[in-house]
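Scroll down for the structure; my scribbles are underneath it.
The values are calculated or read from the model by the stated rules, or taken from the named source; none is laboratory data. Please read these numbers as outputs of a predicted model, since none were measured by experiment. Note that each Cβ is placed from the backbone with ideal geometry, even for glycine, and that neighbours are counted across all protein chains shown. Protein only, heavy atoms only, side chains kept; ligands, DNA and RNA dropped before computing areas. Shrake-Rupley method; radii C 1.70, N 1.55, O 1.52, S 1.80 Å.
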Number of protein chains: 2
Amino acid sequence: MQEKKQQRHARPATYGKGQVRIDAILDAAAEVLINQGYKKMTLRQIALRAGITVGNLTYYYPSKETLLKDLLEKILSGYLEEMARIVKASGHIPEDRFVAVIEYLIDDLNRQRTTRFFPELWALSNHDEHAAELMEDMYVAERRAICDLIQAINPNLELQQAKHLALFVSCSIEGMTMFVGAGKQQESALQSMKKMACESFLLLIRQTSQA
Amino acid sequence: MQEKKQQRHARPATYGKGQVRIDAILDAAAEVLINQGYKKMTLRQIALRAGITVGNLTYYYPSKETLLKDLLEKILSGYLEEMARIVKASGHIPEDRFVAVIEYLIDDLNRQRTTRFFPELWALSNHDEHAAELMEDMYVAERRAICDLIQAINPNLELQQAKHLALFVSCSIEGMTMFVGAGKQQESALQSMKKMACESFLLLIRQTSQA
DNA sequence: TCCTATATTGTACACTTGTCCTAATTTAGT
DNA sequence: ACTAAATTAGGACAAGTGTACAATATAGGA
């Protein structure tokens, strides 16, 4: 039962000041990544946004690689925690909980932070092994949560079927990132997508039968 | 009835040699983009892969921006042409044609070229206006094709409904890019996704009623 | 063959990148 | 106040970036 510990790659900050700095650095890095893209996410831009010097930045993060690791871990774990919160907070009727999760995920596309970050992550994980691992971990957890809900809705499903359904559901929603939400289509489209997705997924889950 | 002309941004090549060079440059650029990502898509890498010098490269493309334009236009128009070919080649029963298109799009995810290129494009279009326009043009055309098929399947649908359905279908498939196909999940998952997608989409199209 | 536009090379430039290093400043416990 | 560790600033570095340009080589019609 190994717990995946939240390990920081930054220099361990002993004074309070250092801890604040590290947070500021990661926040600044996230802003730059989201507002300007990974290509322009340079140490100097991050330092500028964080209000410190490059020298100070490299004191906490001796390499850009470690900074990127911490940044991705922080952002991704944020999404996972929020997801877990939604699952817990929703009622006890499986259908309702499923719909709550779907609607949360789709509503999240209204945040520019989301619609800009994930394509960067996907592109990054194409050629960055560590980014790929972190991304995989997050989606595995997301699919597991969705899979549980699916099995609660239709207990007759085999595990493999439920897993494939969860994968399909996850894909369908992630695919909206580039097209729906923050500054892309009209608001009505997002509402329409939500309705369509929920109805379509529930239909698919209920009517899928054992092999 | 304006025709969007396929305009090259490269220096017009008068000799045959020049035309061959431009093709080689774009092919090399595509390879580098797909194999190493946009960040490493440098003029020197492209020139190396194309077997020419940087000086020669900048003779045809005086700026990296124009090279990127031609590259994206070439790749995207390739996908659009292939898509149009599939639509034309499929039978005359609407359902069959729809399924053919869906299956083509999903099967295409078996090409690493596809699963690597599109995330790069999505990330690029986050902060590159021109990339965003080209991408939008392609997806608009794709959705129009899907929308036509949807209306053929269920003529009772209002245009807006059909458009939203097409958007949902397109999103669902694009979302698979990061998770299914070339070196991601097992082959069985892709087959399962194909089956699920077709059944689910057809169900959704048939049962959606007028507002 | 010769000649001119085309194609190609090699080099140079100004700029940005991540990383490194030393000196100065600040912190918090004694 | 003193001190040792932690933090910060500022500058330097080599490597890599896109771009510019003059010199050379090649193509293909006259």
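Annotations
- For chain A, size of Cβ-based charge dipole, Lys and Arg +1, Asp and Glu -1, in debye: 680
- Taken along its principal axes, the alpha carbon cloud of segment B:25-124 reaches lengths of 54, 22, 21 Å, longest axis first.
- Distant alpha-carbon pairs in segment A:147-196 (separation over 18 angstrom), percent: 44
- The mean number of partner chain beta-carbon atoms within 10 angstrom of a residue's beta-carbon across peptide A:105-114 is 0.
- Remark on the protein assembly as shown: hydrodynamic radius 23.3 angstrom, per the Kirkwood mean of 1/r across alpha carbon pairs.
- Taking every C-alpha pair closer than 8 Å and separated by at least 6 residues, the mean separation divided by the residue count of segment B:1-62 gives a relative contact order of 35 percent.
- In Hz, Karplus ³J(HN,Hα) per residue of segment B:161-171 (6.51, -1.76, 1.60; θ = phi - 60°; x = Gly, Pro): 4, 4, 5, 5, 4, 4, 4, 4, 4, 4, 4
- Number of partner chain Cβ atoms within 10 Å, mean per residue of A:160-170: 4
- Residue-by-residue Karplus 3J(HN,Hα) for segment A:172-181, coefficients 6.51, -1.76, 1.60, Hz, glycine and proline x: 4, 6, 4, x, 6, 3, 7, 10, 10, x
- Residue-averaged beta-carbon neighbours from other chains (10 angstrom radius) around A:123-130: 6
- Candidates B:161, B:91, B:72 compared by Cα position along the dipole of chain B: farthest toward the positive end lies B:72, with charges placed on Cβ.
- Of B:143, B:97, B:21, the one that fluctuates the most in a GNM where chain B has Cα springs shorter than 10 Å: B:21
- Computed [θ] at 222 nm, helices only, for chain A once each DSSP H run of length n ≥ 4 contributes -39500 (n - 2.57): -24500 deg cm²/dmol
- Exposure rank, largest accessible area first [B:44, B:11; 1.4 Å]: B:44, B:11
- Mean projected area (nm²) of the alpha-carbon convex hull when chain A is viewed from all directions: 13.8
- Point-to-point label distance, residue A:19-residue B:31, nm (Cα→Cβ direction, 7 Å offset): 5.3
- Check: the protein assembly as shown dipole with +1 on Lys, Arg Cβ and -1 on Asp, Glu Cβ, in debye: 1240
- Once C-alpha pairs closer than 8 Å and six or more residues apart are averaged by separation and normalised to the residue number of segment B:68-207, the relative contact order reads 31 percent.
- For residue B:37, the amide hydrogen comes within under 5 Å of no other amide hydrogen, counting only partners 5 or more places away or on other chains and with H modelled in the peptide plane.
- If you plug the beta carbon distance of residue A:96 and residue A:136 into 1/(1 + (r/R0)^6) with R0 = 35 Å, you get a FRET efficiency near 0.75.
- Comparing B:16, B:202, B:104 along the charge dipole axis of chain B, the residue lying farthest to the positive side is B:16, per the Cβ-charge model.
- For segment B:1-62, size of Cβ-based charge dipole, Lys and Arg +1, Asp and Glu -1, in debye: 160
- Segment B:102-182, relative contact order [Cα under 8 Å, separation at least 6], %: 46
- With its label point put 7 Å out from Cα toward Cβ, residue A:17 sits 6.5 nm from the same residue's point in the other copies, in order from shortest.
- Neighbourhood charge, 12 Å Cβ-Cβ cut-off, centred on residue B:34 and excluding it, Lys, Arg +1 and Asp, Glu -1: +2
- Where chymotrypsin sites (Phe, Trp or Tyr not before Pro) fall in DSSP loop in segment B:9-86, at most 10 other Cβ within 10 Å: B:15
- Principal-axis analysis of the Cα atoms of chain A puts helix A:64-89 at an angle of about 30° to the longest axis.
- Over all distinct Cα-Cα pairs of segment B:95-211, the Kirkwood formula returns a hydrodynamic radius of 15.0 Å.
- Per-bin percent of Cα-Cα distances, segment B:1-62 [10 Å]: 22, 48, 23, 7, 1
- Protein-only accessible surface order, largest first, of A:53, B:114, A:66, B:14 at 1.4 Å: B:14, A:53, A:66, B:114
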